[in-house]
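> Before anything else, here's the structure in question.
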Amino acid sequence: MSVATPNGFELDNTGRRVVVDPVTRIEGHLRCEVNLDEGNVIRNAVSSGTMWRGLEVILRGRDPRDAWAFTQRICGVCTGTHALTSVRAVEDALGIAIPENANSIRNIMQLTLQAQDHLVHFYHLHALDWVDVVSALNADPKATSTLAQSISDWAKSSPGYFRDIQERLKRFVAMGQLGPFMNGYWGNPAYKLPAEANLMAVAHYLEALDFQKEIVKIHTIYGGKNPHPNWLVGGMPCAINVEDTGAVGAVNMERLNLISGIIDRTIEFIDKVYLPDLLAIASFYKDWTYGGGLSSQAVLSYGDIPEHANDDSAENQLLPRGAIINGNLAEIHDVDLRDPEQVQEFVTHSWFRYADETRGLHPWDGVTEPNFALGPNTVGEPTRIEAIDEQAKYSWVKAPRWRGHAMEVGPLARWVIGYAKGLPEFKEPVDKVLTDLGLPLGALFSTLGRTAARGLEASWAAHKMRYFQDKLVANIKAGDTATANTERWEPKTWPKEVRGVGTTEAPRGALGHWVVIRDGKIDNYQAVVPTTWNASPRDAAGNIGAYEAALLGTPLAKADEPLEILRTLHSFDPCLACAAHILSPDGEELTEITVR
Ligand code: NFE
Ligand code: MG
């Protein structure tokens with residue numbers, strides 16, 4: 001059937017259907033079905049979250065001061081970000097102000113996550129869509145060394161170093177144990193890197209695997225552990241004790257210096273390894289311009305990294321807030337998360353029930369009631385679906401919309417908004433990358449643009465970690481060691497009924513938690529998560545979501561090796577645990593895992 005969607009896409013689901021399930025190298029349970037035309041170009045795309053969880057339901061009736069600890073279990077990947085969002089929502093509801101130090105520490109925690117998550121994404125979740133590991137076996141280690149030294153002064157770049165890496169890889173392959181490198185579409189003609197670039201990238205894959213665990217030590221110092229560090233409504237739970245009185249668990253000068261050293265090394269790794277690799281790899285894929293889809297038309301950011309504590313204005317957010325629709329960079333819309341007309345979630349094509357499914361609900365009025373049923377045109381049994389029916393309900397992910405528009409969220413959204421606002425911190429690095437690669441601005445609106453924006457953001461985040469660490473230490477040296485405000489800790493000091501909203505920019509994009517507190521308990525709790533936006537199914541009007549839109553028009557080099565689908569989906573860094581945030585009691589999966 002051929003259909004035109006209100007958001008401007010032509011869909012044709014008559015051609016050959018290709019199913020990718022699960023979409024691997026990510027957290028989760030994402031199924032993607034596409035229809036190809038006779039030239040193997042994608043003409044219809046369906047994104048389905050195949051796992052059901054229950055966090056919003058579990059939270060009802062609980063103490064709002066504990067909500068962060070529950071919501072943080074939505075995900076161990078974007079660890080901490082749900083907790084931060086939650087404490088912000090509760091503080092907003094109860095009118096609780098936090099100390100300046102708590103704001104700096106929260107920013108450092110969030111930026112640490114951004115830097116670590118982006119690094120892991122680039123090397124471990126996405127690079128192998130561009131890097132052919134098996135081809136690295138044919139590389140000349142000396143030429144690899146010359147290449148590496150031409151793009152960066154990173155110390156590990158000798159011919160012997162790359163020879164050792166290649167030997168390790170050869171032993172892996174000879175044993176038939178490719179480990180993390182199993183099941184790639186190695187040798188696919190869509191891979192374009194010379195063997196030496198592949199070997200360099202594999203070496204850095206291994207280095208990054210080692211280094212990413214260093215970065216998160218910052219969480220273990222300010223938050224006690226990682227994953228799932230500790231948070232607190234009213235501030236941060238870590239005490240600062242620079243006099244070294246021996247208080248157990250306190251942040252002292254030695255710990256602050258340790259963090260400072262990790263920040264320096266994070267900046268160095270990102271600027272000397274990640275960014276040069278990103279540019280080097282991108283330079284071989286300039287012709288691969290696909291995956292823009294919605295991103296060129298509709299992007300959304302709530303803003304984050306507040307310069308000062310207790311100021312939610314857009315001007316106070318170092319990561320910019322705004323919405324752009326219809327691809328019009330000249331007009332940046334204000335975003336108000338309290339406005340019932342702005343953010344709404346639809347369930348018309350999601351496995352949930354609303355009284356009226358033609359309408360969306362603002363999260364303060366949000367409803368989470370599961371309703372699993374397959375459509376009449378579904379082919380196969382629930383446990384062995386061969387083709388799902390996108391005319392019916394087809395996903396555990398709700399469909400969030402901003403003023404009715406399906407939006408892309410994430411690094412590309414944030415950088416497009418920063419660029420459109422003319423903010424030098426965003427505009428200059430984007431212009432430099434485009435100039436270095438000899439590409440027009442339009443190239444940003446693509447899969448590679450999304451991947452590049454994430455790399456630029458990792459660097460931005462690492463440098464901002466340095467800024468907030470210095471700000472924190474200066475404030476401590478000036479005599480302010482406060483990290484928490486307990487003034488409104490007791491529920492008897494709270495109004496009878498209040499509502500609050502907390503937001504962050506999680507690594508994957510705009511994240512909001514909406515809470516209604518009545519008689520000291522949670523009456524309603526709704527999370528609208530980055531991957532809920534990006535993996536969204538169709539809505540009541542038939543608008544398709546960002547993943548679906550991004551895939552349209554992409555040709556596959558080989559229809560039975562859907563590498564191009566993985567490239568574009570991975571570029572969003574999908575997290576379905578987050579998107580559905582809702583596990584059957586026994587964790588049962590609803591579709592059998594098959595990769596086709
Ligand atoms: Ni499970 Fe998460 C991020 C949040 S998103 S990874 O980033 O919030 O879908
Ligand atoms: Mg939700």
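> Consider segment 361-374. How many of its residues are surrounded by 14 or more Cβ atoms within 10 Å (Cβ to Cβ) and either assigned to a loop (DSSP other than H, G, I, E, B) or within 16 Å of ligand 1 (Cβ to nearest atom) (or both)?
Final tally of qualifying residues: 6.
> Contact list please: Cβ distance under 9 Å, first residue in segment 258-269 and within 11 Å of Glu214 (Cα to Cα) and among the polar types (S, T, N, Q), second residue surrounded by fewer than 15 Cβ atoms within 10 Å (Cβ to Cβ) and at pLDDT 95 or above, pairs at least six apart or on different chains.
Thr266/Glu214
> Any chance you could count how many residues in segment 168-207 are at positive phi and in a helix (DSSP H, G or I)?
Of segment 168-207, the ones at positive phi are 176, 179, 183, 187.
Next, from what is left, pick out any that are in a helix (DSSP H, G or I): 179.
Number satisfying all stated conditions: 1.
> Another question, if that's okay. What number goes with the only condition from (1) crowded, with 19+ Cβ neighbours inside 10 Å; (2) within 21 Å of Lys272 (Cβ to Cβ); (3) of a type outside the set (Phe, Trp, Tyr); (4) more than 25 Å from the chain's Cα centre (by Cα) that Ile388 does not pass?
The number of the failed condition is (2).
> For residues that are among the polar types (S, T, N, Q) and assigned to a strand (DSSP E or B), scanning just segment 1-54, find the one that is farthest from the chain's Cα centre (by Cα).
Our first condition is that a residue be among the polar types (S, T, N, Q); within segment 1-54, this holds for 2, 5, 7, 13-14, 24, 35, 40, 44, 47-48, 50.
Next, from what is left, pick out any that are assigned to a strand (DSSP E or B): 2, 35, 44, 47-48.
Details: Ser2: 32, Asn35: 27, Asn44: 24, Ser47: 17, Ser48: 17 Å.
Of everything passing the filter in segment 1-54, Ser2 is farthest from the chain's Cα centre (by Cα).
> Given the conditions (1) at pLDDT 95 or above; (2) among the polar types (S, T, N, Q); (3) assigned to a loop (DSSP other than H, G, I, E, B), report the number of the one that Thr220 does not fulfil.
Going through (1) at pLDDT 95 or above; (2) among the polar types (S, T, N, Q); (3) assigned to a loop (DSSP other than H, G, I, E, B) one by one, Thr220 breaks only (3).
> Which residue is nearest to Val233 (Cα to Cα), if the candidates are limited to segment 501-546 and must be crowded, with 22+ Cβ neighbours inside 10 Å and away from ligand 2 (no atom under 16 Å from the Cβ)?
Once the filter is applied, the top-ranked residue is Ile517.
> Please enumerate the residues belonging to segment 157-167 that are surrounded by 13 or more Cβ atoms within 10 Å (Cβ to Cβ) and either in a helix (DSSP H, G or I) or among the charged types (D, E, K, R) (or both). Give the steps one after another, and end with the answer.
The first filter runs over segment 157-167 and keeps only residues surrounded by 13 or more Cβ atoms within 10 Å (Cβ to Cβ), leaving 157-159, 161-166.
Hits for segment 157-167 are Pro159, Tyr161, Phe162, Arg163, Asp164, Ile165, Gln166.
> Pick from segment 55-77 the residues that are within 16 Å of ligand 1 (Cβ to nearest atom) and assigned to a loop (DSSP other than H, G, I, E, B): which of them is surrounded by the most Cβ atoms within 10 Å (Cβ to Cβ)? It would help to see each step written out before you state the result.
Our first condition is that a residue be within 16 Å of ligand 1 (Cβ to nearest atom); within segment 55-77, this holds for 55-56, 59, 67-77.
Those left that are additionally assigned to a loop (DSSP other than H, G, I, E, B): 75-77.
Working: Cys75: 26, Gly76: 14, Val77: 22.
Of everything passing the filter in segment 55-77, Cys75 is surrounded by the most Cβ atoms within 10 Å (Cβ to Cβ).
> Please tell me if Val409 is β-branched (Val, Ile, Thr), under 18 Å from Arg321 (Cβ atoms) and at pLDDT 95 or above. Explain how you work it out, then say what you get.
Values: β-branched (Val, Ile, Thr): yes; under 18 Å from Arg321 (Cβ atoms): yes; at pLDDT 95 or above: yes.
So Val409 passes the test.
> So, Ala102, is that one under 31 Å from the mean Cα position of the chain (by Cα), more than 19 Å from Ala453 (Cα to Cα) and within 16 Å of ligand 2 (Cβ to nearest atom) or not? It would help to see each step written out before you state the result.
Numbers: under 31 Å from the mean Cα position of the chain (by Cα): yes; more than 19 Å from Ala453 (Cα to Cα): yes; within 16 Å of ligand 2 (Cβ to nearest atom): no.
Taking the combined requirement at face value, the residue does not satisfy it.
> Given the criteria among the polar types (S, T, N, Q), surrounded by fewer than 24 Cβ atoms within 10 Å (Cβ to Cβ), farther than 16 Å from Asp21 by Cα and more than 16 Å from ligand 1 (Cβ to nearest atom), does Asn40 qualify?
Numbers: among the polar types (S, T, N, Q): yes; surrounded by fewer than 24 Cβ atoms within 10 Å (Cβ to Cβ): yes; farther than 16 Å from Asp21 by Cα: yes; more than 16 Å from ligand 1 (Cβ to nearest atom): yes.
So Asn40 fits the description; yes.
> Out of Ala452, Ala482, Ala443, Ala461, which single residue is surrounded by fewer than 18 Cβ atoms within 10 Å (Cβ to Cβ) and more than 26 Å from Gly54 (Cα to Cα)?
Working: Ala452 fails: surrounded by fewer than 18 Cβ atoms within 10 Å (Cβ to Cβ); Ala443 fails: surrounded by fewer than 18 Cβ atoms within 10 Å (Cβ to Cβ); Ala461 fails: surrounded by fewer than 18 Cβ atoms within 10 Å (Cβ to Cβ).
Exactly one of Ala452, Ala482, Ala443, Ala461 is surrounded by fewer than 18 Cβ atoms within 10 Å (Cβ to Cβ) and more than 26 Å from Gly54 (Cα to Cα), namely Ala482.
> Now for a separate question. Trp494 is checked against (1) away from ligand 2 (no atom under 16 Å from the Cβ); (2) buried (at least 24 other Cβ atoms within 10 Å of the Cβ); (3) not charged (D, E, K, R) and fails just one. What number does that condition carry?
(2)
> Also, quick follow-up: Output the residues belonging to segment 105-124 that are within 14 Å of ligand 1 (Cβ to nearest atom) and more than 20 Å from Thr451 (Cβ to Cβ).
The answer is Met109, Gln110, Thr112.
> Those residues that are farther than 25 Å from Ala453 by Cα and aliphatic (A, V, I, L, M), I need them from segment 84-99; list them, please. Step through it out loud before you land on a result.
Pass one, segment 84-99, residues farther than 25 Å from Ala453 by Cα: 86-99.
Hits for segment 84-99 are Val87, Ala89, Val90, Ala93, Leu94, Ile96, Ala97, Ile98.
> Yes or no: segment 426-448 includes at least one residue that is under 21 Å from the mean Cα position of the chain (by Cα) and in a loop (DSSP other than H, G, I, E, B).
yes
> In this structure, does Leu11 turn out to be among the aliphatic types (A, V, I, L, M) and within 16 Å of ligand 2 (Cβ to nearest atom)? Spell out the reasoning first.
Numbers: among the aliphatic types (A, V, I, L, M): yes; within 16 Å of ligand 2 (Cβ to nearest atom): no.
When the stated conditions are applied, Leu11 does not pass them.
> Tell me, yes or no, whether segment 86-99 has at least one residue that is in contact with a Pro (Cβ under 9 Å, 6 or more places away or on another chain) and either within 15 Å of ligand 1 (Cβ to nearest atom) or aromatic (Phe, Trp, Tyr) (or both).
Yes, segment 86-99 contains a residue that is in contact with a Pro (Cβ under 9 Å, 6 or more places away or on another chain) and either within 15 Å of ligand 1 (Cβ to nearest atom) or aromatic (Phe, Trp, Tyr) (or both).
> Next up: Among the listed residues Arg518, Arg499, which satisfies the condition of being touching a helix residue (DSSP H, G or I) at 6+ places or on another chain (Cβ under 9 Å) and at pLDDT 95 or above? Explain how you work it out, then say what you get.
Values: Arg518 fails: touching a helix residue (DSSP H, G or I) at 6+ places or on another chain (Cβ under 9 Å).
Just a single option satisfies the conditions, and that option is Arg499.
> Determine which single condition Pro340 fails, assuming it passes every other condition in (1) away from ligand 1 (no atom under 16 Å from the Cβ); (2) assigned to a loop (DSSP other than H, G, I, E, B); (3) under 22 Å from the mean Cα position of the chain (by Cα); (4) not charged (D, E, K, R).
Condition (3) is where Pro340 drops out.
> A further question follows. Among the residues of segment 223-236, write down those that are touching a helix residue (DSSP H, G or I) at 6+ places or on another chain (Cβ under 9 Å) and not in a strand (DSSP E or B). Step through it out loud before you land on a result.
At the first step, the residues of segment 223-236 found to be touching a helix residue (DSSP H, G or I) at 6+ places or on another chain (Cβ under 9 Å) are 223, 225-236.
Gly223, Lys225, Asn226, Pro227, His228, Pro229, Asn230, Trp231, Val233, Gly234, Met236 - these are the residues of segment 223-236 that are touching a helix residue (DSSP H, G or I) at 6+ places or on another chain (Cβ under 9 Å) and not in a strand (DSSP E or B).
> Answer yes or no as to whether Thr358 is more than 16 Å from ligand 1 (Cβ to nearest atom), out of contact with any helix residue (DSSP H, G or I) (no Cβ under 9 Å at 6 or more places or on another chain) and of a type in the set (Ser, Thr, Tyr). So that I can check it myself, show each step before the final result.
On the way: more than 16 Å from ligand 1 (Cβ to nearest atom): yes; out of contact with any helix residue (DSSP H, G or I) (no Cβ under 9 Å at 6 or more places or on another chain): yes; of a type in the set (Ser, Thr, Tyr): yes.
So Thr358 passes the test.
> Can you name the residue in segment 343-383 that is charged (D, E, K, R) and under 29 Å from the mean Cα position of the chain (by Cα) and is also farthest from Asp21 (Cα to Cα) among such residues? Even if it seems obvious, please write down each step before you answer.
Filtering segment 343-383 down to residues charged (D, E, K, R) leaves 345, 353, 356-357, 359, 365, 369, 381.
Add one more test, that the residue is under 29 Å from the mean Cα position of the chain (by Cα), and what stays is 345, 353, 357, 359, 365, 369.
Working: Glu345: 25, Arg353: 25, Glu357: 28, Arg359: 30, Asp365: 33, Glu369: 25 Å.
Going through the qualifying residues, I end up with Asp365.
The values are calculated or read from the model by the stated rules, or taken from the named source; none is laboratory data. Since we're looking at a predicted model, the values are computed, not measured. Ideal geometry is used to build each Cβ from the backbone, glycine not excepted, and the neighbour counts take in all protein chains shown.
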